[in-house]
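The values are calculated or read from the model by the stated rules, or taken from the named source; none is laboratory data. Predicted model only: the values in this text are computed from it and were never measured. Here the Cβ positions follow ideal geometry from the backbone for every residue, glycine too, while neighbour counts run over all protein chains shown. Remember, those area values only see protein heavy atoms, side chains included, never the ligands or the DNA or RNA. Shrake-Rupley method; radii C 1.70, N 1.55, O 1.52, S 1.80 Å.
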Amino acid sequence: MNVGVLYSRIRRDEKLLLSELRDRGHEVTKIDVRKERFGVHEPPQAFDGVDIVVDRCLATSRSRYVTRFVDAYDLPVVNDPETAAICADKARNSLVLAEAGIPTPATEVTFTKESAMESIEEFGYPCVLKPVIGSWGRLMAKIDSRDAAEAILEHKETLGHYEHKVFYIQEFVEKPGRDIRVVATDGEPVAAMARSSDHWLTNAARGAETEAIEITDEMADLVERASEAVGGGLLGVDLMETGDSYTVHEVNHTVEFKALNEVSDVDVPATVVDWLESRVRGVEVTA
Ligand SMILES: Nc1ncnc2c1ncn2[C@@H]1O[C@H](COP(=O)(O)OP(=O)(O)OP(=O)(O)O)[C@@H](O)[C@H]1O
């Protein structure tokens, strides 16, 4: 098969994927989205002969638009544009998880700092304020007091980009110093790791320690349901432990897997390519 890989920077994750594809004799068409022009009628020539497109754009804005265009060109794309749109937006992410009855932290969205303050006071301290669009733990605030809340809300309202005028407020989950990332393909867990840190943010990108963990039946069930809630695909499902159970705080759509591949016995890129091959076979059968 010929796999089109949309990118703007090739990270270790993409290198792993590209070399697994090439090792199996697949053709790879690297498509640098910074250089292409995406017409509404005609696809760029770069897509000629491509069987399936994998979106690996680092920037969420690029990911969201480029997947829409690829979908309009009638090419299968991983992930689906609607999945990318849901996962890129923490408010939509939380909504679909809650709608599907999946345990997820209590969350409110408000549009003024006054109503945000009401929400924060009701959640009590600490609580969490997140940007609706963002990753790697950037611009996340754990709010410990009313004074801190007032300052952050004023900064966001005065200095923030328009997305920062959507206040996404969440209960603080007392997790055991770690959270869990499960990479899954169409709801089927590939491998899981715990990310531990002394800091309340336990993102691997912020230097948290990572270790492989077993996937329990309960985790697998939540991952399957969370994947279905956002429309499936190649996803990273993030969970926190809550004593005897779990809460799913988000699902990521252009999931990084290099850290997981390093700690896990599972060959993550190989499993992802197995899945891509099965997707292309599925398209050929139905065509
Ligand atoms: N409600 C919460 N209570 C306690 N800790 C939280 C809460 N929400 C998030 N965290 C912690 O903050 C980290 C980052 O959260 P989240 O995944 O929502 O942000 P992100 O910027 O989208 O990160 P990523 O890009 O890794 O998905 C999580 O790994 C988790 O440890």
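Let me spell out the model: positive unit charges on the Cβ of Lys and Arg, negative unit charges on the Cβ of Asp and Glu, origin at the Cα centre of segment 123-162. What dipole size does that give, in debye rounded to 20?
For segment 123-162, the charge dipole is close to 220 debye.
Roughly how big is the chain's charge dipole about its Cα centre, with Cβ charges of +1 (Lys, Arg) and -1 (Asp, Glu), in debye to the nearest 20?
1300
If you filter segment 32-85 for trypsin sites (Lys or Arg not before Pro), then keep DSSP loop positions with at most 15 other Cβ within 10 Å, what is left?
Counting only loop positions with at most 15 other Cβ atoms within 10 Å, the trypsin sites (Lys or Arg not before Pro) in segment 32-85 are R34, K35, R37.
At a 1.4 Å probe, what is the % contribution of carbon and sulfur to the accessible area of the chain?
The value for the chain is 46 percent carbon and sulfur by accessible area.
Residues of segment 175-273: accessible area per residue at 1.4 Å, in Å²?
40
Order the following by accessible area, largest value first: W275, W200. Probe radius 1.4 Å; ligands, DNA and RNA are ignored.
The ordering from most to least exposed comes out as W200, W275.
Among the trypsin sites (Lys or Arg not before Pro) in segment 129-188, which ones are in a DSSP loop with at most 12 other Cβ atoms within 10 Å of the Cβ? Mind listing them?
Taking segment 129-188 and a limit of 12 other Cβ atoms within 10 Å, the loop trypsin sites (Lys or Arg not before Pro) found are R138.
Of the beta bridges DSSP finds with both residues in the chain, what % are antiparallel, to the nearest 5?
Here the share of antiparallel DSSP bridges comes out near 75 percent.
Write out the GluC sites (Glu not before Pro) in segment 195-284 meeting two conditions: DSSP loop, and at most 12 other Cβ atoms within 10 Å of their Cβ.
Hits after loop and neighbour filter: E214.
Which of T247, L260, T271 sits farthest toward the positive end of the charge dipole of segment 234-287, with +1 on the Cβ of Lys and Arg and -1 on the Cβ of Asp and Glu?
T271
As I understand it, the dipole of the chain uses +1 on the Cβ of Lys and Arg and -1 on the Cβ of Asp and Glu, about the Cα centre. Which of A212, P105, L75 lies farthest toward its positive end?
Farthest towards the positive pole: L75.
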